[in-house]
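What follows is one structure encoded as structure tokens, with my remarks underneath.
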Amino acid sequence: MEKLKLHTPDLTAQNIDKLAQLFPNCVTEARDEQGCVTQSIDFDQLRQELSDSIVEGPRERYHLDWPGKREAILTANAPIAKTLRPYRAESEDFDTTKNLFIEGDNLDALKLLQETYLGKVKLIYIDPPYNTTEDFIYEDDFSENNQAYLLRSNQEDESGNRLVANTEANGRFHSDWMTMMYPRLKLARTFLKDDGCIYISIDDRELHNLRKMCDEIFGESNFVATFAWEKRTNRENRKSISSRFDNIICYCRDKSQIRSAIRQLGMTDKALANYKNPDNDPRGLWKSDPATAQAGHGTKDQFYTLEAPNGKQHELESGRCWLYTEIVMKAAITDGRIWFGKDGNGVPRIKTYLDAKDRGLVPETIWFAEDVATNEIAKNQLKELFDGKSVFDTPKPVDLIRRMIELSTNPDSIVLDFFAGAAVTAHATLSLNASDGGNRQFILVQLAEACPESSEAYKSGYLTISDIAKDRIRRCGKLITNGSIEQEAASQSSLEFESQRMLDTGFRVLKIDTSNMRDVYYAPDAVEQGSLLAQVDNIRPNRTAEDLLFHVLVDQGVDLALPIAEETISGKKVFFVDGNALAACFDDGITDELVKEIAKRQPLKAVFRDANYGSDSVKINVDQIFRLLSPETEVRSL
Ligand SMILES: C[S@@+](CC[C@H](N)C(=O)[O-])C[C@H]1O[C@@H](n2cnc3c(N)ncnc32)[C@H](O)[C@@H]1O
């Protein structure tokens, strides 16, 4: 029976596999630093394969480098032996919700979630620390090799206490920030669907470094835009410059899918008001746009004198050409698609029709405060939600994130935010679902960063930022289900309103913790003969059956948001995930009878604990029973 692997994927090993597929002759076996023989790449051989295209040594090249980049790559690739533990009491609608709230360091979270959500996320929004001189940034754990990293990751109980102040006096001010961001972005990319997008808020301090990192990770050709968000509308009384906008950089996973990666915005009333029909055109409402373009864009067929239906000759302005060639323009005039003003003497303009089905607004690179709100509005909205208490200093406006979700998701998409702060992304997702009847799921990750004792948050009973985030989701969820988004509800049909009432405002809280397994389990070489008996029960003492279930889900890449049912069969507790996607029993004294009952349900996967079989014969019979009753089931042991 196969054992669960119980650690996150080793991305270095996956990279070796990819190279092996391309260059099988470059794969060899060599001893590592510990003297163990492992699969390795023969670099000399690879160099020969790539011959002229290799840049090495002191040769000049265009590339991004900083002290710490090597560790950042190592950190991204190294596996960890941690787990996600469910917290029912802090969750809402634990059994049925599809939304996840992960508490802990986002690098760990991305590694733990990677297998499950690989290529499944439509939109990632992040709002990382901007690296102002007052910011705290997370200090990752570096080590010389993957195995040491893996062991260390299972030995610490810490969660939110590795945040360190990053001041300019630190000689590695920019480097430390980049070293923190790089592995997280690298992992984030693997979550995106082919038509997925990532949006990142940043100010001018690290914009250039972030762009360079993203060019390297997502590919320069997948850069979409830097949006300028008007974050304030009044002038700040600063020494030199008052900053009015923040940047939001956007990359897509694959630019060839840009049409579904970034949609058009819905028509606003202001935009609709431009569509009229003064000539009773049977094609309906239209607006007019200039019929000329910059001369540099035209071919020689686009330079001519245009004759209006009333015979008036229209010459081109200097530096312009007609948008259409003469033949196409004449056909458009005959078809009534060119507008010459009410009296027929006006400058020719091209009609653009309001096709109700697919006409939208192309998003622009400037996002105005009147459309997506400001920092101040965000603070006030949050304050109002928390009964007048100012519990979080740097919230983004709900409408700002809602715009990204409108642009880049479908009604059933997954939205991920791994610098969640006060959970604005959850609020925006719920708010959009409420107004368009969508079922978008959110996954948020937030460190249990302590609130300072002097803060209003602490005085209001919130010990950590993740506590604020969880309460934000509860509060906005209630607001939405209570129908307090009156205008939205009022403007919907009763059918839409019905779907709104079934809105999933719950969330499952999972916290990152050390593995459920004892440390030494992962390093069989380190187990001495005399201590073997101590390993028989390989589970840490305070872990529950539900902890083990989530460990299995992470290990097997099963969706962590699937419904879970508990049944008692032959006197033992058995979990069924999403009907029969997975069945698991971690109780002591497993009998043949129980195994048979589970096998009859024909689950896709079945998991038991090695140490819990009632006898050796039951352990031997498990494979046999499944082969007979449910040959398709993958049986695993913990
Ligand atoms: C600028 S705030 C995000 C605010 C959020 N957009 C909002 O409007 O509520 C950044 C958040 O990232 C969190 N954070 C920083 N490093 C983290 C890490 N390594 N893992 C998880 N969260 C982290 C911080 O605690 C902080 O709350």
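Can you pull out the residues in segment 180-203 that are part of a helix (DSSP H, G or I) and more than 16 Å from the ligand (Cβ to nearest atom)? Working first, answer last.
Looking only at segment 180-203, we keep the residues that are part of a helix (DSSP H, G or I), and these are 180-191.
Those that are part of a helix (DSSP H, G or I) and more than 16 Å from the ligand (Cβ to nearest atom): R189, T190.
Just give me the residues in segment 441-455 being in a loop (DSSP other than H, G, I, E, B) and near the ligand (Cβ under 6 Å from one of its atoms), in sequence order. Outline the logic, then answer.
If we filter segment 441-455 for residues that are in a loop (DSSP other than H, G, I, E, B), which is where we start, we get 447-449, 451-455.
Passing the criteria: L447, E449.
Which of the residues that make up segment 326-343 are part of a helix (DSSP H, G or I) and β-branched (V, I, T)? Steps first, please.
To start, the set of residues in segment 326-343 that are part of a helix (DSSP H, G or I) comprises 326-334.
Passing the criteria: I327, V328, I333, T334.
In segment 75-104, how many residues are charged (D, E, K, R), at pLDDT 95 or above and within 16 Å of the ligand (Cβ to nearest atom)?
Qualifying residue count, segment 75-104: 1.
Which pairs have Cβ atoms under 7 Å, sit 6 or more apart or on different chains, and link a residue in segment 406-428 that is closer than 20 Å to F392 by Cβ and assigned by TED's automatic domain parsing to the domain that holds R259 to one that is within 16 Å of the ligand (Cβ to nearest atom) and among the acidic types (D, E)?
F419/D127; G421/D127; T425/D417
What about T325, is it farther than 29 Å from G266 by Cβ and of a type in the set (S, T, Y)?
Working: farther than 29 Å from G266 by Cβ: yes; of a type in the set (S, T, Y): yes.
Here the answer is yes, as T325 does meet what is asked.
Pull up segment 247-285, narrow it to residues that are out of contact with any Pro (no Cβ under 9 Å at 6 or more places or on another chain) and part of a strand (DSSP E or B), then point me to the one that is surrounded by the most Cβ atoms within 10 Å (Cβ to Cβ). Explain how you work it out, then say what you get.
Step one: filter segment 247-285 for residues out of contact with any Pro (no Cβ under 9 Å at 6 or more places or on another chain), giving 247-261, 266-285.
Still in the running and part of a strand (DSSP E or B): 247-252, 276.
Numbers: N247: 19, I248: 24, I249: 19, C250: 25, Y251: 27, C252: 25, K276: 12.
Checking each candidate, the answer is Y251.
Of all residues in segment 347-383, count the ones that are more than 28 Å from the chain's Cα centre (by Cα) and surrounded by fewer than 13 Cβ atoms within 10 Å (Cβ to Cβ). Steps first, answer last, please.
First, pick out the residues of segment 347-383 that are more than 28 Å from the chain's Cα centre (by Cα): 347-357, 359.
Within this subset, residues satisfying the condition of being surrounded by fewer than 13 Cβ atoms within 10 Å (Cβ to Cβ) are 355-357.
Residues flagged as more than 28 Å from the chain's Cα centre (by Cα) and surrounded by fewer than 13 Cβ atoms within 10 Å (Cβ to Cβ) within segment 347-383 amount to 3.
Would you pick out the residues in segment 545-559 that are assigned to a loop (DSSP other than H, G, I, E, B) and either of a type outside the set (A, V, I, L, M, F, W, C) or over 21 Å from F191 (Cβ atoms) (or both)? Let's see the steps before the verdict.
First pass over segment 545-559, keeping only residues assigned to a loop (DSSP other than H, G, I, E, B): 557-559.
Selection gives G557, D559.
Do any helices (runs of 4 or more DSSP H) entirely within segment 354-434 hold 3 or more residues that are within 16 Å of the ligand (Cβ to nearest atom), and if so, which? Reasoning before the result, please.
Numbers: elements: 369-372, 375-385, 398-408.
Ranges flagged: 375-385, 398-408.
In segment 136-174, what count of residues is obtained for those that are buried (at least 16 other Cβ atoms within 10 Å of the Cβ), within 16 Å of the ligand (Cβ to nearest atom) and either at pLDDT 75 or above or among the polar types (S, T, N, Q) (or both)?
Matching residues across segment 136-174 total 7.
Please specify each residue of segment 328-378 satisfying the condition of being free of Cβ contacts under 8 Å to residues at least 12 places away in the same chain and over 23 Å from K270 (Cα atoms).
Residues satisfying the conditions are V328, K330, A331, T334, D335, D343, G346.
Only one of G284, G298, G266, G319 is within 30 Å of S413 (Cα to Cα), modelled with pLDDT under 95 and touching a strand residue (DSSP E or B) at 6+ places or on another chain (Cβ under 9 Å); which?
Details: G284 fails: within 30 Å of S413 (Cα to Cα); G298 fails: within 30 Å of S413 (Cα to Cα); G319 fails: within 30 Å of S413 (Cα to Cα).
Exactly one residue qualifies, and that residue is G266.
List every residue pair whose Cβ atoms lie under 7 Å apart, where the two residues are 6 or more positions apart in sequence or sit on different chains, the first residue falls within segment 381-396 and is closer than 22 Å to P128 by Cβ and assigned by TED's automatic domain parsing to the domain that holds T429, and the second residue, located anywhere, is outside any loop (DSSP other than H, G, I, E, B) and hydroxyl-bearing (S, T, Y).
Note: pairs meeting the criteria are K396/S201.
Mind checking which residues of segment 586-626 are hydrophobic (A, V, I, L, M, F, W, C) and surrounded by fewer than 17 Cβ atoms within 10 Å (Cβ to Cβ)? Walk me through it before giving the result.
So in segment 586-626, the residues hydrophobic (A, V, I, L, M, F, W, C) come out as 586, 590, 594-595, 598-599, 604, 606-608, 611, 618, 620, 622, 625-626.
Selection gives A611, I620.
Could you tell me whether any residue of segment 222-243 is crowded, with 16+ Cβ neighbours inside 10 Å and in a loop (DSSP other than H, G, I, E, B)?
Among the residues of segment 222-243, at least one is crowded, with 16+ Cβ neighbours inside 10 Å and in a loop (DSSP other than H, G, I, E, B), which makes the answer yes.
Just wondering, is there one or more residues in segment 576-593 that are part of a helix (DSSP H, G or I) and of a type in the set (S, T, Y)? Lay out the reasoning, then the answer.
Let us first name the residues in segment 576-593 that are part of a helix (DSSP H, G or I), namely 592-593.
Filter again for of a type in the set (S, T, Y), leaving none.
No: segment 576-593 contains no residue that is part of a helix (DSSP H, G or I) and of a type in the set (S, T, Y).
For segment 1-113, please list each of the helices (runs of 4 or more DSSP H) lying entirely inside it that holds at least 2 residues being free of Cβ contacts under 8 Å to residues at least 12 places away in the same chain.
Working: elements: 11-22, 43-50, 69-77.
It comes to 11-22, 43-50.
Among all residue pairs at least 6 apart or on different chains, which show Cβ distances below 9 Å where the first residue, located in segment 223-242, is closer than 21 Å to V398 by Cβ and modelled with pLDDT of 90 or more and the second is of a type in the set (A, V, I, L, M) and in a strand (DSSP E or B)?
Pairs found: F227/I248; F227/I249; F227/I366; A228/I248; A228/I366; W229/I248; W229/I366; E230/I366.
With the requirement that a residue be assigned to a loop (DSSP other than H, G, I, E, B) and over 21 Å from I564 (Cα atoms), what does segment 594-626 give you?
Within segment 594-626, G614, S615 meet the criteria.
The values are calculated or read from the model by the stated rules, or taken from the named source; none is laboratory data. Since this is a predicted model, take the numbers as computed values, not measurements. Glycine also receives a Cβ, built like all others from the backbone with ideal geometry; neighbour counts cover every protein chain displayed.
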